[in-house]
Amino acid sequence: MTREPVESELSVWPTAASLTLLALLLRLPGLGAGLWYDEYVTLVEAVRAPLGQILTTFPWNNDHKLYSVLAHLSVSAFGESAWSLRLPAMIFGVLSVPLLFLLAREVLGPRGPAASAALLLAVFWHHVSYSQNARGYSGLLFWVLAATWLLLRVARERRVALAVSYGVVCALGAYTHLTMIPIVIGHAAVGLVWVWARAGERAERFRLGAIGMGAAAILTAVAYAPLVSDISAFFLHPTQAEAGSTDVATPVWMIVETLRSLTGGGAALLVALPVLALAAWVGCLGLGSIARRPSGWFALGLFVAPALTVAAFAMVLGRPVYPRFFLFLTGFALIGLVAGIRRLTDGRMGKKLARGIGTSPRRMAMVVMVLLALGVGAQLRTIYALPKQDFESAVAYLDTRATEGTILTVGLAAFPIARYFGRDWAEIIRIEDFDSTVEQGDTWVVYSFPSYVEAVYPGFVARLSRDCQIEREFPGSVRGGALVVVACLADARDAA
């Protein structure tokens, strides 16, 4: 992979520093807002445990190992709070922005397009949200960007130190989230093509690839050695919740949910679909232009192959497929989008339009990037306006409202209420539990994520809506995560 130097390395650091500062400022508001289900599980099951226990046990896949270790250290240093729990995610999210800038320079060359791609990541509300999510996903994106950047430099500079660094980064990524393993397999597939692409250099290329992949494999095996039995038990014997997740989180559901999360859902989805289709077309044009650069096929392969291997592993293992598993593709998509815009503005029609409005194609491309960044950044208000889930308000409401009668929890609402808030409200395990409780008097039910409740108890949410009354809904920024309080009151049943 060759890249013509267009600027001194020193000259790009002010740009990288400015992008980093912007990313930090956009990820601070709301960092201490209410947690959501997965974060409560991470906190209670992993972060609160002694460090030795974190390193040697795998309670379930909510425990992203490196994140749990870093969050444990953060909470120990600053006290337990939402912001200290999320601090590692924010740091990974902030650092991903300048890292994308460096990767985009490796692929696109000039500082301007690279800065545009990083700017879009800095203001992208989806990435801001994951930078305030106490899980390993922003870390996984960071490690994938770093691994890709290092591989491109290995191909260009042929240095053993870079290959070893790649292996270390991949091991850290795998320790952050197991999704990194199929990602590295995707890299290996592209690397094999690179090894055989030039007969005279096969031995050297194979040696560098073996060093990088070998380091990744050895370090990952060492890190996970104490956890092998726990991980095997988890994947071989899924819990009821995991089985329900598989029924909900199908590939089709993932595609629909991704579109909803990018557009806001509802009528906005229909309005935004043409815009998304246009962006996808421009992105494909950009990826095509990258492939036509000298050795650009190698960069394109590193962008595309990991998505295919992650999807293949999920289907083969029968695991749930969530949009967040593919968050690591965000940087690649933005590089493709920027490259596509540059291709259009540098084309015949773009040059003609630029002359017509009295500017240059490059300046016109810059204006388009700024307008796009402003449009993307405008969506940040949805991240700042609400907590991810408002368990605090729902629990406080029930504490004051349901002073007599029985309160029941169901589905994913049960764990945080019992294990974090310490309420002894009974969890509905069988529908018969609900029936017998309702017959005894006033009953309140609190639930969230109705699709998961329906996966385990088909028809139950519809029954609650029909036979009881929704008293309050406490919205959150996580889709489907509103806390719903339903009242099944004896007086109302008697009147009916």
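LEU162: closer than 29 Å to LEU55 by Cα, open to solvent by less than 60 Å² (accessible area, probe 1.4 Å) and of a type outside the set (D, E, K, R), yes or no? Spelling it out, LEU162 is indeed closer than 29 Å to LEU55 by Cα, open to solvent by less than 60 Å² (accessible area, probe 1.4 Å) and of a type outside the set (D, E, K, R). Within the range 369-410, the set of residues being part of a helix (DSSP H, G or I), open to solvent by less than 40 Å² (accessible area, probe 1.4 Å) and closer than 16 Å to GLU39 by Cα comprises just one member, PHE391. Just to be sure, is LEU21 modelled with pLDDT of 95 or more, more than 23 Å from GLY480 (Cβ to Cβ) and surrounded by fewer than 17 Cβ atoms within 10 Å (Cβ to Cβ)? So LEU21 passes the test. Cβ separations smaller than 8 Å between residues 6+ apart or across chains give the following pairs from the range 354-382 residues that are among the β-branched types (Val, Ile, Thr) to residues that are open to solvent by 50 Å² or more (accessible area, probe 1.4 Å) and part of a helix (DSSP H, G or I): THR359/VAL367. For the range 34-87, the helices (runs of 4 or more DSSP H) that sit wholly inside it and include 1 or more residues that are farther than 24 Å from SER393 by Cβ and among the polar types (S, T, N, Q) are 51-56, 65-78.
Pairs only if they're at least six apart or on different chains, beta carbon under 8 angstrom, first in the range 393-405 and modelled with pLDDT under 90, second among the polar types (S, T, N, Q); list them, first residue then second. Correct list of pairs: GLY405/THR443. Selection over the range 49-60 of residues that are closer than 20 Å to TYR420 by Cβ and either in contact (Cβ under 8 Å) with a residue 12 or more places away in the chain or hydroxyl-bearing (Ser, Thr, Tyr) (or both) gives a count of 5. Among the residues of the range 451-479, those that are modelled with pLDDT of 90 or more and closer than 23 Å to TYR130 by Cβ comprise PHE474, PRO475, GLY476, SER477, VAL478.
Pairs meeting the criteria (first residue in the range 61-77 and more than 14 Å from LEU178 (Cα to Cα), second residue open to solvent by 20 Å² or more (accessible area, probe 1.4 Å) and among the polar types (S, T, N, Q), beta carbons under 8 Å, at least 6 apart or on different chains) are VAL75/SER81. Within the range 300-341, being assigned to a helix (DSSP H, G or I) and among the aromatic types (Phe, Trp, Tyr) holds for PHE303, PHE313, PHE325, PHE326, PHE328, PHE332.
Among residues of the range 182-198 that are over 16 Å from ALA215 (Cβ atoms), those with a Cβ under 6 angstrom from a residue that is part of a helix (DSSP H, G or I) and charged (D, E, K, R), sequence gap 6+ or separate chain, pair up as VAL195/ARG202; VAL195/ARG205. If only residues of the range 304-330 that are open to solvent by 30 Å² or more (accessible area, probe 1.4 Å) and within 19 Å of LEU236 (Cβ to Cβ) are counted, the one that is modelled with the lowest pLDDT is ARG319.
The values are calculated or read from the model by the stated rules, or taken from the named source; none is laboratory data. Not measured: the values here are computed from a predicted model. As a convention, Cβ positions derive from the backbone with ideal geometry for all residues, glycine included, and neighbour counts pool all protein chains shown. Side chains included, ligands, DNA and RNA excluded: accessible areas come from the protein's heavy atoms. Shrake-Rupley method; radii C 1.70, N 1.55, O 1.52, S 1.80 Å.
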